[in-house]
Structures are given as structure tokens and as C-alpha cells.
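Here is the structure we will look at, set down as C-alpha cells.
The values are calculated or read from the model by the stated rules, or taken from the named source; none is laboratory data. Predicted, not measured: the structure shown is a model, and the values here were computed from it. Note that each Cβ is placed from the backbone with ideal geometry, even for glycine, and that neighbours are counted across all protein chains shown.
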Amino acid sequence: MDRTLLLHPPRAYNGALLIASSPYPPDPFAHRARRPFSPSSSSSPSPLKIQNQILPMSLSLEASSTTRCEASLSNIYNTDADIVDLDWENLGFGLVPTDYMYMMKCSSDGIFTKGELLRFGPIELSPSSGVLNYGQGLFEGLKAYRKEDGSVLLFRPEENALRMKLGAERMCMPSPTVEQFVDAVKLTVLANKRWVLKAQNIAKEKGYSDVLYLDSVHKKYLEEVSSCNVFIVKDNVIATPALKGTILPGITRKSIIDVARGRGYQVEERLVSVEELLDADEVFCTGTAVVVSPVGIITYLGKRMDYGNQGVGVVAQQLYSSLTSLQMGLVEDTMGWTLKLN
């Protein structure tokens, strides 16, 4: 896969994309001074949910979680059913309802209690819910892979849990523990196992177009693509914009940096200018859905820059192969990043 990018003027934003529900209205002065979370004692519990969405080989989560899950799925759900009959080759990005979702409630003191798997469908929300009145919510997305032996792997779900906790703190919302999050994801994936396809079954050459944003101060330093982090390669040195609060701390970004350093590459997290981008040997993006996506063409102020071989460089290909082989269980996981579900 290669991308054609249009370099775009800076954008102004603060915070995360908001979807899930919080029962409490946000503090209108939260941007001035952080105050401890202290919901009104009259607030009633509000349901939060984890919902399985189908993207290409992906699992998408819409907020929160559960306590220690002890129920055996095999006693309730048919987790060994055949793969669902779906046009996987033309799936694209969007919501495809699956079989089950996970729902739990948060009490008025901000504590999440044990939830349950439910058939996918509408949920009940109070008209006073924060997500309806103030857009106070967040979501996380991660992938599930099916191995040749039929088992399913999750890739670094605890990192998604930690990122959700950070987002919840910024939104003045309570959040589940890492253990609660991971347990809820495990139950949701296993209950929807027939929607998890083997990766090689849907491999397909696709073209992408996207926008690469610049910083809002100097208007010359790279930030990120609309849904991915960006990397450049020059003389086998890899550089990516440093995390300074305006760039999503991508889990795939973090993983690629570790994999690259493990392969002996020098990786720099710093300011990366447009001039360096246009002079790079390779450019690639990283994200949960695309993993590593080479950039073939960049256009900036009417100037078009073509990267050879449709942007598929040696470094990007090596990093893609290394990470996906680990994610799919094709090589030994020496990093301890995958979680096997039976």
C-alpha cells in the first residue's frame, strides 16, 4: 500500500476524538486549572460500552470496561463458529455490527463495576448524559489477529488501556483500570471470534490519499497525518516528530521505534521540517489500521515529490515485515507484546 499525501496548513485542536459516555458534565474551566474528580452525589450511574466494530483486521472500542472476568465464554457463546460470510475484500472503513458488545456501569463515585456481554444493539442513555450534552467521551481502537491454529492474538492491549486512562483524565472522566480494560477486550473479541479473519485472506493492494499537517506556530514542522504518525528516512537514519502534546502517542509508532532500534537503526524523535521531508529517501506512516504505510507522492505548495518504487522503501518494508510477523504470531514474541486468547 502506498499513500499520496497533500501537505496541509496547520490545524488547531486540543484533546481526543470523543464518542463514549460520561454521566457528569465537564468542568468549563478545566483548561485553566485541573480540579479533582468529584461528581455530585445525586448523579446516577450511566452505562458505558465496549463495542466491536469491523475494520480491515481490526477491533474498535467505544469506551469502557470490566472487573475481573470469570465467566467461561465457551459455556455461553459459540466462539468456534465459522468465519462470518462477508465481502472482506471490499470492507473499507466503517461500522459493521457484529454479534456482541460489552457494557458496564460507572457508579457516582467514579468506580467501574463488573459488566456483561450483550447482544449488539441500542443502549439506553439518560438525556443528561455528558456525551449527549457536552460531547464528553473517548474511544480506543486495536486489532485482533487469527493465527493458523485458530487462536486469536491481541497486540499490546495494555497500551490502549493506558492511553484511554490518559484521555479520560484530560476529559475529567473516570476510567477503568488496565486490568478491567484488557479483560473486557478479551471477552468482546472472543464473543465475536467469527468476525476475526486471518490476515493473509484479505491482503489487497490499495491506494490511499491523506493530509499531512504542519505545526501551528512555525508552519514548517511536521505533526502527523490525519489518522497516522509519520516517519522519514534519510541515509538509513529514521526521524519522526517528537511528542509534545499536539501529536497522538500512537502505539504502532512506539512499537516501530522499538523494532527499528532493535534492528540497529538510529531513530530520532525531534522536530522534522518540510525541507527534510522533501529531501527524504523514504516516507512512511504508522497506525493501528495501516501498520506501516509507505508514502509514494507528496505535494507541497504545488511542488510534487515522488518517492521511488511507489514509496515502498527498504526500511519501511523491513519494519512492516518485522512488526506484522510478530503481531500475527509468525515469529517468536521476544518483546512480550502479544496476548493469546484461547
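State the number of residues belonging to the range 226-245 that are touching a residue at least 60 places away in the same chain (Cβ under 8 Å) and of a type in the set (Ser, Thr, Tyr).
1
Taking the range 246-269, which residues are of a type in the set (A, V, I, L, M) and either under 17 Å from VAL283 (Cβ atoms) or free of Cβ contacts under 8 Å to residues at least 12 places away in the same chain (or both)?
Listed by number, the residues that qualify are ILE247, ILE256, ILE257, ALA260, VAL267.
Would you list the strands (runs of 3 or more DSSP E) that sit entirely within the range 87-180 and hold 2 or more residues that are touching an Asp or Glu at 6+ places or on another chain (Cβ under 9 Å) and within 25 Å of GLY287 (Cα to Cα)?
Where strands (runs of 3 or more DSSP E) fall fully within the range 87-180 and carry at least 2 residues being touching an Asp or Glu at 6+ places or on another chain (Cβ under 9 Å) and within 25 Å of GLY287 (Cα to Cα), they are 100-106, 140-146.
Looking at ARG163, ARG146, which is the one that is of a type in the set (Lys, Arg), closer than 24 Å to CYS106 by Cα and touching a helix residue (DSSP H, G or I) at 6+ places or on another chain (Cβ under 8 Å)?
The unique qualifying residue is ARG163.
So which residues in the range 302-325 are touching a residue at least 60 places away in the same chain (Cβ under 8 Å) and not hydroxyl-bearing (Ser, Thr, Tyr), if there are any at all?
Going through the range 302-325, the residues touching a residue at least 60 places away in the same chain (Cβ under 8 Å) turn out to be 310-313, 315-316, 319, 322-324.
If the condition is that a residue be touching a residue at least 60 places away in the same chain (Cβ under 8 Å) and not hydroxyl-bearing (Ser, Thr, Tyr), then GLN310, GLY311, VAL312, GLY313, VAL315, ALA316, LEU319, LEU323 are the ones that fit.
Looking at the range 205-281, what strands (runs of 3 or more DSSP E) fall wholly within it and have at least 2 residues that are assigned by TED's automatic domain parsing to the domain that holds ASP306 and surrounded by 19 or more Cβ atoms within 10 Å (Cβ to Cβ)?
207-214, 222-225, 229-234, 237-241
What about TYR300, is it at pLDDT below 90, surrounded by 15 or more Cβ atoms within 10 Å (Cβ to Cβ) and touching a helix residue (DSSP H, G or I) at 6+ places or on another chain (Cβ under 9 Å)?
Values: at pLDDT below 90: yes; surrounded by 15 or more Cβ atoms within 10 Å (Cβ to Cβ): yes; touching a helix residue (DSSP H, G or I) at 6+ places or on another chain (Cβ under 9 Å): yes.
Considered against the rule, which asks whether it is at pLDDT below 90, surrounded by 15 or more Cβ atoms within 10 Å (Cβ to Cβ) and touching a helix residue (DSSP H, G or I) at 6+ places or on another chain (Cβ under 9 Å), TYR300 comes out as yes.
So that you can scan it fast, the table gives a plain yes or no per residue for (1) touching a strand residue (DSSP E or B) at 6+ places or on another chain (Cβ under 8 Å); (2) farther than 15 Å from THR188 by Cβ; (3) polar (S, T, N, Q):
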position	(1), (2), (3)
ASN90	no, yes, yes
MET101	yes, no, no
LYS105	yes, yes, no
SER108	no, yes, yes
LEU118	yes, no, no
PRO122	no, yes, no
GLY137	no, yes, no
ASP149	no, yes, no
GLU159	no, yes, no
